[in-house]
Amino acid sequence: MLKKIKSFATKGWNKAKAMFVSAIVAVSAGAMTVAASAADATSSADTTSIMKEAGDQLTSQFSGIVSTVIPVILGILGSGLVIFGIIKLVKLAKKIFGNVAG
């Protein structure tokens with residue numbers, strides 16, 4: 001049993017590390033993209049204004065993504081709950097009719 005727990009913890013830790021690293025990479029790539037799009041080749045803006053504009057764009061894009069993703073997740077969870085309920089009802093019906101017929 002202890003081996004199973006250690007194995008599960010190791011697998012979970014490896015997945016957590018991979019997710020953490022991928023999140024860092026995604027955020028840094030997004031920040032670089034926003035910073036690159038904020039800096040024009042023709043403008044002579046300083047780094048402070050570029051980073052401020054990049055931060056504003058990153059904030060607005062993040063809030064747009066969150067406001068789009070949350071309704072989708074809620075819809076998926078609702079559909080999953082309905083499917084789970086139907087499966088449970090079918091199992092209950094099989095059990096009841098099995099007892100009645102048997």
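FYI, it's all coordinate maths here, none of it is from the lab. Because the structure is a prediction, the values reported are computed rather than measured.
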Open item on the list: Students often forget the sequence filter, so: which lysines lie under 30 Å Cα-Cα from LYS11 once same-chain residues fewer than 8 apart are removed?
Closed with: LYS3
Task: Extension reserve of the SER22-THR47 stretch, reckoned as 0.36 nm per residue once the Cα distance is removed - done: 6.3 nm
Open item on the list: Taking 0.36 nm per residue of sequence separation and subtracting the Cα-Cα distance, how much length would be gained by fully extending the chain between ILE83 and PHE62, in nm to one decimal?
Closed with: 4.4 nm
